[in-house]
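Asks: I'd like to ask some things about the structure below.
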């Protein structure tokens, strides 16, 4: 069985209710949120970036200075911009006017940057994709700004930490 037939077969045996962005025939669809209640929704996400020692040598205690400028401040701005553009990047996400988006970057003793993001909105749909996008884009920006010093940078552990509001809550 070729890959496409195997995928279609798998879709047929999966209960369609498990995938919110597939209709009964397995076609991609945007979730209809018209019937949902407007509630305050908050989501938090994390990304981890491991930096090699050659990059860490440029750390001044507050930021990593490069020829392109301060890495952390640029990554924070990029993360916020990414959250605001999530629906442009992920096809079935609803365009949202965020109430707020925060990006925080801290460094651990083992040369890892921990990026924590939080997105919030008062709406009919959640903001977990916006929080995840903010963490991802911030991590990618760090990679971009530091790659001139080393390509031995590892982005890992992009994950949802929590979400509140709506019909389900999640907390890692």
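Asks: Count, please, the residues in the range 112-136 that happen to be modelled with pLDDT of 90 or more and either out of contact with any strand residue (DSSP E or B) (no Cβ under 9 Å at 6 or more places or on another chain) or outside any helix (DSSP H, G or I) (or both). Spell out how you get there, then give the answer.
Replies: To start, the set of residues in the range 112-136 that are modelled with pLDDT of 90 or more comprises 112-122, 127-136.
In the following step, the residues that additionally are either out of contact with any strand residue (DSSP E or B) (no Cβ under 9 Å at 6 or more places or on another chain) or outside any helix (DSSP H, G or I) (or both) were identified as 112-122, 127.
Result for the range 112-136: 12.
Asks: Here are some residues: 158, 154. Which one is under 15 Å from the mean Cα position of the chain (by Cα), more than 13 Å from residue 42 (Cβ to Cβ) and surrounded by fewer than 17 Cβ atoms within 10 Å (Cβ to Cβ)?
Replies: Details: 154 fails: under 15 Å from the mean Cα position of the chain (by Cα).
When all the criteria are applied, what remains is 158.
Asks: Determine which single condition residue 145 fails, assuming it passes every other condition in (1) at pLDDT below 95; (2) out of contact with any helix residue (DSSP H, G or I) (no Cβ under 8 Å at 6 or more places or on another chain).
Replies: Only one criterion is unmet by residue 145, namely (2).
Asks: Answer with yes or no whether residue 145 is part of a loop (DSSP other than H, G, I, E, B) and under 17 Å from residue 70 (Cα atoms). Even if it seems obvious, please write down each step before you answer.
Replies: Working: part of a loop (DSSP other than H, G, I, E, B): no; under 17 Å from residue 70 (Cα atoms): yes.
Judged against the criteria, residue 145 is not a match.
Asks: Identify, from the list 57, 3, 73, the residue that is exposed (fewer than 15 other Cβ atoms within 10 Å of the Cβ), at pLDDT below 95 and closer than 21 Å to residue 104 by Cβ.
Replies: On the way: 57 fails: closer than 21 Å to residue 104 by Cβ; 3 fails: closer than 21 Å to residue 104 by Cβ.
Testing whether each residue is exposed (fewer than 15 other Cβ atoms within 10 Å of the Cβ), at pLDDT below 95 and closer than 21 Å to residue 104 by Cβ leaves just 73.
Asks: Name, by its number, the condition in (1) surrounded by 18 or more Cβ atoms within 10 Å (Cβ to Cβ); (2) closer than 22 Å to residue 37 by Cα; (3) under 15 Å from the mean Cα position of the chain (by Cα) that does not hold for residue 82.
Replies: All conditions are met except number (2).
The values are calculated or read from the model by the stated rules, or taken from the named source; none is laboratory data. A quick note: this is a predicted structure, and the numbers were derived from the prediction, not measured. In this analysis, Cβ positions are derived from the backbone assuming ideal geometry, glycine residues included, and neighbour counts consider all displayed protein chains.
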